[in-house]
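Before any comments, here is the structure.
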């Protein structure tokens, strides 16, 4: 029979100090980053309201115009939250800023074969006085949600809100 050496682990004072420092550092990072552990929902108390907001979807390909229709249910692609139903849709050319190489000025030019869709979206939410909360989706102007609809997805910009 062979004698196998037994591995013994003894905790000493320095091991305890290192463990305490690592735990304290982790707690400090969590506290400073204002993290809440993730997955929590915002519980809002306030007045239930029906909100209409304007959402612009940019740089859409040519065939997508036929896919976006009133009545489509939209969700936000990161957290998969419902963000409303499309009430109306309007399409226009996709405009971009480019530099005129002759004069050096910046001008608006149309992107050929690309479109911008302006959607009016309706959503039930809670007005807390300081925010409009739709089950954790805090609605505000200039927010840029990634939007998913039936058969399409795009990055959008909220340009206006009506309560």
Any residue in the range 80-93 that is within 17 Å of the chain's Cα centre (by Cα) and loosely packed, with under 13 Cβ neighbours inside 10 Å?
yes
Would you confirm, using the coordinates I've provided, whether residue 77 is touching a strand residue (DSSP E or B) at 6+ places or on another chain (Cβ under 8 Å), modelled with pLDDT under 90 and at positive phi?
no
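Go through the range 109-130 and count every residue that is touching a residue at least 60 places away in the same chain (Cβ under 8 Å) and either surrounded by 12 or more Cβ atoms within 10 Å (Cβ to Cβ) or under 18 Å from the mean Cα position of the chain (by Cα) (or both).
Within the range 109-130, residues that are touching a residue at least 60 places away in the same chain (Cβ under 8 Å) and either surrounded by 12 or more Cβ atoms within 10 Å (Cβ to Cβ) or under 18 Å from the mean Cα position of the chain (by Cα) (or both) number 13.
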Can you give me the number of residues within the range 144-156 that are more than 14 Å from residue 84 (Cα to Cα) and surrounded by fewer than 17 Cβ atoms within 10 Å (Cβ to Cβ)?
4
From the options 21, 30, 25, residue that is out of contact with any strand residue (DSSP E or B) (no Cβ under 7 Å at 6 or more places or on another chain), part of a helix (DSSP H, G or I) and modelled with pLDDT of 90 or more
21
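The values are calculated or read from the model by the stated rules, or taken from the named source; none is laboratory data. Predicted model, so just to flag it, every value in this text is computed and none were measured. Note: ideal-geometry Cβ built from the backbone for every residue, glycine included; neighbour counts use all protein chains shown.
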